[in-house]
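Each remark here refers to the structure printed beneath this line.
The values are calculated or read from the model by the stated rules, or taken from the named source; none is laboratory data. Just so you know, these numbers come straight off a predicted model, no measurement behind them. Cβ placement follows ideal geometry from the backbone for every residue including glycine, while neighbour counts extend to all protein chains displayed. These area figures cover heavy atoms from the full protein model, side chains too; ligands, DNA and RNA do not enter into them. Shrake-Rupley method; radii C 1.70, N 1.55, O 1.52, S 1.80 Å.
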Amino acid sequence: MCGISGFIGFYNLDNPEKVINQMGNSLTHRGPDNGNALIDYDNQIALYHNRLSIIDIDQRSNQPMKSQSGRHVIVYNGEVYNFKKLRNEIDDYYRNKNTKFVWQTSSDTEVLLEGIEIWGLRHFICKVEGMFSIAIWDKKKNSFFLCRDRFGEKPLYYGINDDLFFFCSELKALAFHPNIKRSIKKQSVLSFIKNSQIAAPNTIYENIFKLLPGTILEYSLSTKKKNIDVYWSAKDIAEKNDKINNDETTHNKIIDEFDHLIYKTIKKTIISDRPVAFFLSGGIDSSLITSVANSFSDQKINTFTAGLEGQNNLHDEKNYANKISKYLKTEHEEYLIKESDLFENINEMSKIFCEPFGDSSQIPTYLISKKMNKNFTVAISGDGGDEIFGGYYRNFSGYNFWNKINNLSKTQKKILSFILNFIYKNLPLENIEIFFKKNGSNFLPIDLKLKISKLINLINQKNLKQYYSSLVSSDFHNKEFDNGIILDNLLNEIDNCNLSDYDKIMLMDINFYLSNDILTKVDRSSMAVSLETRAPFLNHLIYEKCVSIPNELKFKNNTPKFILRDILSRYIPLNLFNRPKQGFEIPISNWLLGKKKDYYKSLIFDKSTNLYEVLSYVNMIENWKRFEKNDYDFSKLFWNILMYQMWFKENF
């Protein structure tokens, strides 16, 4: 895992060497083991690579790296999990030509470089299993290419400003280039406040973009023009796949095939020359990854979990993680997060995230990464399991509830809304939830109060697009903001697909929520402390197989992620994981209205930033009053505002 940055065009630049070194040095946290620049004055190209050494940790594998012919130069961030297989293919290619290729390293970077040299970028990248952001200069074509992995695990930003082309792993590097303008895009501010993140290809800045997952950008050094090509699309794969028949024989065969595929994928994914550990939350996804790895490991594996301090806390699964760890006999460490940790680390979030970011689990992700990095360089996670196998409330039970509501009359909807509002405002929902959980009952959903407030909102949603955007929005009470063009276009495109509603919702998660939220959170939080994270479920072969599985099997017996649950039961007892999905939610409502309320409020309503140029100050004051009175849960909305204010103060 690394950091990359660079630019093409030295016009009006006195010292390109100084600029590229400053850009690279700003990303040292992404690659503390080595930092190198390459500057070509003839072609006006400057590249920088920050290296976190994982495979072939010798300095011979440092980048920028040139192909043996000299045609290509690469800087690359990521891991190629099947690099050994691809290396053999390259050997076979030369053997068939009666030539022996002499490898200079044992790295995956050289495999990428030489594979691209033989087959071309688009053809070869389709062979690659892994996560990556690639920048490669093709001297023969006189073009520069950017390429991003299929799901967007690794970040890649770019922009064109007249004759200047630039790219980087994190936007903070651009602050050191005097000719790159960083003007805040107002629509991106509103999009962030509503959705807790900024959907690609937009960024917080005008004329600076995220390269979309599964795409290749070609920039011609001759014409100064760009072209973007899609080499892989989750939507296209889903539309092309026919669902297989579902019967008992097929069911057993599918489970066996997935068990084998996940086993093989994890074996490839954990290859490393540096120490490896596992995130173990106690949920289905991380428990399966850990259990499978434990089944073939010849030594004890190391697991970590984060939990919230307090016996009655319902927002984490640390107790379940401990039980699974004991069953698997892993070396297990637990990190307990206190309310004071929020106050002590909240300022770090604006430094870690180069754009405003509002998923509150960013803090525990950062803290557990920091703890793991003391002894480990690589961490294996269960990210992607929910999106690919349908693990969210909105994928199944939430959709079924909304579908039934749509068949009600207006009068019936009003009555249901009145009942839910009464329950929300008058019953001690948190105490009820605690009571049932303490007594071993798992039928209630986690964060009951928030779930009911969302159900109230669902009553008035008329179509699938409205249904989805309402559930991922922080603004589900008063519709202060619209979705914005990017999200609207994405949701419309998926809504028009020839797929079932269940498949459409999962596709919306993959194309919107996964890359812009989950993977952004994990990458920035872990790379801030130089920890590489890997997600075996995001191997595209798993996704491509999963989309052919009928939904009756994915949600068999009204159970989300039935396939993964069935496989996991082969490794650990059912009683260790058979419960509703929980996840790790920070109780931000309690924290925002807790001991530091006045401090947070002063930041939220600080007019020295540009926020209230695009947001109604009066409306937000009114929302805060309702929030304090427990009229509605505006915690996500005000957390996003807080994150924006702190980000702005850090960057301007």
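Taking all protein chains into account, the per residue accessible area for the range 498-603 stands at 34 Å² (1.4 Å probe). With the highest mean first, a sort of the peptides 465-474, 93-102 on other beta-carbon atoms found within 10 angstrom per residue produces 465-474, 93-102.
For residue 497, neighbours were defined as the other residues whose beta-carbon sits under 9 Å from its Cβ, and their charges (Lys and Arg +1, Asp and Glu -1) total -2.
Annotation note: trypsin sites (Lys or Arg not before Pro) in the range 340-399 located in DSSP loop regions with a Cβ neighbour count of at most 13 within 10 Å are 374. For the peptides 549-555, 488-494, 143-149, the ranking by mean Cβ contacts within 10 Å, running from highest to lowest, is 143-149, 549-555, 488-494.
Remark: the range 519-536, residue by residue, has Karplus-estimated 3J(HN,Hα) of 6, 5, 4, 5, 4, 5, 5, 7, 5, 4, 10, 6, 10, 8, 10, 10, 10, x Hz, where x stands for each Gly or Pro and the curve is 6.51 cos²θ - 1.76 cosθ + 1.60 at θ = phi - 60°.
A Cβ-based charge dipole, computed about the Cα centre of the chain with Lys and Arg at +1 and Asp and Glu at -1, lands at about 820 debye.
Checking the cross-link pairs 404/425; 141/465; 18/194 against a 31 Å limit on the alpha carbon distance flags 141/465; 18/194 as lying beyond it. Peptides 404-414, 206-216, 352-362, 595-605, ordered by how many other C-beta atoms sit within 10 Å of their residues on average, highest first, read 352-362, 206-216, 595-605, 404-414.
A 1.4 Å probe run over the range 5-59, with the rest of the protein chains in place, finds 43 Å² accessible per residue. Remark: accessible surface ordering of 126, 168 (largest first) is 126, 168, probe radius 1.4 Å. Each residue of the range 385-400 was assigned a 3J(HN,Hα) from its phi angle through the Karplus expression (A = 6.51, B = -1.76, C = 1.60, θ = phi - 60°), giving x, 5, 5, 7, 9, x, x, 8, 3, 5, 6, 9, 5, x, 5, 4 Hz with x at Gly and Pro. Close amide H contacts of residue 586 (hydrogens built in the peptide plane, cut-off under 5 Å, sequence separation of 5 or more or a different chain): 361. Taking volume of the Cα convex hull per residue in Å³ as the quantity of interest, determine which of (i) 170; (ii) 247; (iii) 160 was computed from the displayed structure. Calculated volume of the Cα convex hull per residue in Å³: the matching label is (iii). The HN-Hα couplings worked out from phi for the range 403-416 by the Karplus form 6.51 cos²θ - 1.76 cosθ + 1.60 (θ = phi - 60°) are 4, 5, 4, 4, 8, 7, 6, 4, 5, 5, 5, 5, 5, 5 Hz, whole numbers, x standing for Gly and Pro.
Ranking 142, 132, 500 by Cα position along the charge dipole of the chain, where only Lys, Arg, Asp and Glu carry charges on their C-beta atoms, puts 500 farthest toward the positive end.
What is the sum of charges around residue 519, taking Lys and Arg as +1, Asp and Glu as -1, for the other residues whose C-beta is under 13 Å from the C-beta of residue 519? It works out to a net charge of -2. The mean accessible area for residues of the range 145-203, using a 1.4 Å probe and ignoring ligands and nucleic acids, is 26 Å² per residue.
Measure off, as a whole percent, the carbon and sulfur share of the 1.4 Å-probe accessible area of the chain, all protein chains present. Ligands and nucleic acids excluded, carbon and sulfur give 46 percent. Projected label points at residue 559 and residue 497, each 7 Å from Cα along the beta carbon direction, are separated by 2.6 nanometres.
Here the chain carries DSSP beta bridges of which approximately 75% are antiparallel, counting only pairs with both residues inside. For residue 379, enumerate residues with amide H under 5 Å from its amide H, sequence gap 5+ or separate chain, H modeled in the peptide plane. Hits under the 5 Å cutoff: 277, 532, 533, 534.
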